[in-house]
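Novice: Handing you this structure, nothing more for now.
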Amino acid sequence: MTGRAPGRIRIIGGQLRNSRLDVPDLPGLRPTAERVRETLFNWLAPVISGARCLDLCAGTGALGIEALSRGAAGVQFVERDARAAQALRDNLARLKAQGGQVTTADAMAYLQGAPQPFGLVFLDPPFAQNLWQPLSQRLEQGGWLTPAACVYVESPRQAGLALPSTWMLHREGTAGEVGYALYRRAAAT
């Protein structure tokens, strides 16, 4: 977290702009960098207003809270670590952010439940767990995505991910050792 006070990040746009999020000191917790979030939400500007979002492997919830700040209708946050999930609930309450719901659950276990289609999904699992393929397949095959959904994926720069063939790359970038990309779902052939 170079250049910032330890344990805090800020929301960069929308109604909650410049609000600070408390970040618990937990192993593997890696908030998405401000520069990456700024780029991502510039890409999402045409679709964020009114979107129903899923922040899977939410961690700090920075992506989902940024979406709420910029007009998303609602965000379902899924985080398996109880301390991170509680910190996320606390941040949502302190910021009086409406439309956010936090579920403490393993992402794959959550996706085994009854699907609710989302128009925007943030897929940024812990890098060490290599969950991109199983989570993306479950999202695609389990009824979790609207027909024209956007999916944001963050991973190690050289990961070489195997994602569903129906996810068409829209935009991509890198920041240090992190690769990030926005996909648009296309009809299966």
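The values are calculated or read from the model by the stated rules, or taken from the named source; none is laboratory data. Values in this document were obtained by computation on a predicted structure and should not be read as measured data. As a convention, Cβ positions derive from the backbone with ideal geometry for all residues, glycine included, and neighbour counts pool all protein chains shown. Heavy atoms of the whole protein, side chains included, go into the accessibility calculation; ligands, DNA and RNA do not. Shrake-Rupley method; radii C 1.70, N 1.55, O 1.52, S 1.80 Å.
Novice: Checking residue 137 against (1) closer than 22 Å to residue 69 by Cα; (2) surrounded by fewer than 16 Cβ atoms within 10 Å (Cβ to Cβ); (3) not charged (D, E, K, R), which test does it fail?
Specialist: (1)
Novice: Of the residues that make up segment 171-180, is at least one in contact with a Lys or Arg (Cβ under 9 Å, 6 or more places away or on another chain), open to solvent by 70 Å² or more (accessible area, probe 1.4 Å) and of a type in the set (Asp, Glu)?
Specialist: Within segment 171-180, one or more residues are in contact with a Lys or Arg (Cβ under 9 Å, 6 or more places away or on another chain), open to solvent by 70 Å² or more (accessible area, probe 1.4 Å) and of a type in the set (Asp, Glu).
Novice: Inspect segment 38-48 for any residue being part of a loop (DSSP other than H, G, I, E, B) and either among the acidic types (Asp, Glu) or closer than 21 Å to residue 125 by Cα (or both) and give the result as yes or no.
Specialist: If we filter segment 38-48 for residues that are part of a loop (DSSP other than H, G, I, E, B), which is where we start, we get 45-48.
Then keep just the ones that are either among the acidic types (Asp, Glu) or closer than 21 Å to residue 125 by Cα (or both); that gives none.
No, the conditions are met nowhere in segment 38-48.
Novice: Name the single residue that is least open to solvent (accessible area, probe 1.4 Å) among those in segment 1-17 being at pLDDT below 80 and small (Gly, Ala, Ser).
Specialist: 7
Novice: Considering each residue of segment 55-106, count those that are open to solvent by 60 Å² or more (accessible area, probe 1.4 Å) and not hydroxyl-bearing (Ser, Thr, Tyr), and give that number. If you could, list the steps in order and put the result at the bottom.
Specialist: Here is the first cut: in segment 55-106, the ones open to solvent by 60 Å² or more (accessible area, probe 1.4 Å) are 70, 73, 80, 82-83, 86, 89-90, 93-94, 96, 98, 101, 104, 106.
When the remaining residues are screened for being not hydroxyl-bearing (Ser, Thr, Tyr), the result is 70, 73, 80, 82-83, 86, 89-90, 93-94, 96, 98, 101, 106.
So the count comes out to 14.
Novice: Here is a check on your reading of the model: is residue 35 under 21 Å from residue 14 (Cα atoms), in a helix (DSSP H, G or I) and at pLDDT 95 or above?
Specialist: Taking the combined requirement at face value, the residue does not satisfy it.
Novice: For segment 57-93, enumerate the residues that are outside any loop (DSSP other than H, G, I, E, B), small (Gly, Ala, Ser) and in contact (Cβ under 8 Å) with a residue 60 or more places away in the chain.
Specialist: 84, 87
Novice: Inspect all residues belonging to segment 18-31 and state whether any of them is open to solvent by less than 10 Å² (accessible area, probe 1.4 Å) and touching a Gly at 6+ places or on another chain (Cβ under 9 Å).
Specialist: The answer is yes, given that some residue of segment 18-31 is open to solvent by less than 10 Å² (accessible area, probe 1.4 Å) and touching a Gly at 6+ places or on another chain (Cβ under 9 Å).
Novice: Same structure again: Could you list all residues from segment 114-131 that are open to solvent by 10 Å² or more (accessible area, probe 1.4 Å), at pLDDT below 95 and either within 19 Å of residue 60 (Cβ to Cβ) or part of a strand (DSSP E or B) (or both)?
Specialist: Matches in segment 114-131: 124, 126, 127, 128, 129, 131.
Novice: Are there any pairs, at least 6 apart or on different chains, whose C-beta atoms fall under 8 Å, with the first in segment 26-52 and at positive phi and touching a residue at least 40 places away in the same chain (Cβ under 8 Å) and the second open to solvent by less than 30 Å² (accessible area, probe 1.4 Å) and not in a helix (DSSP H, G or I), and if so, which?
Specialist: none
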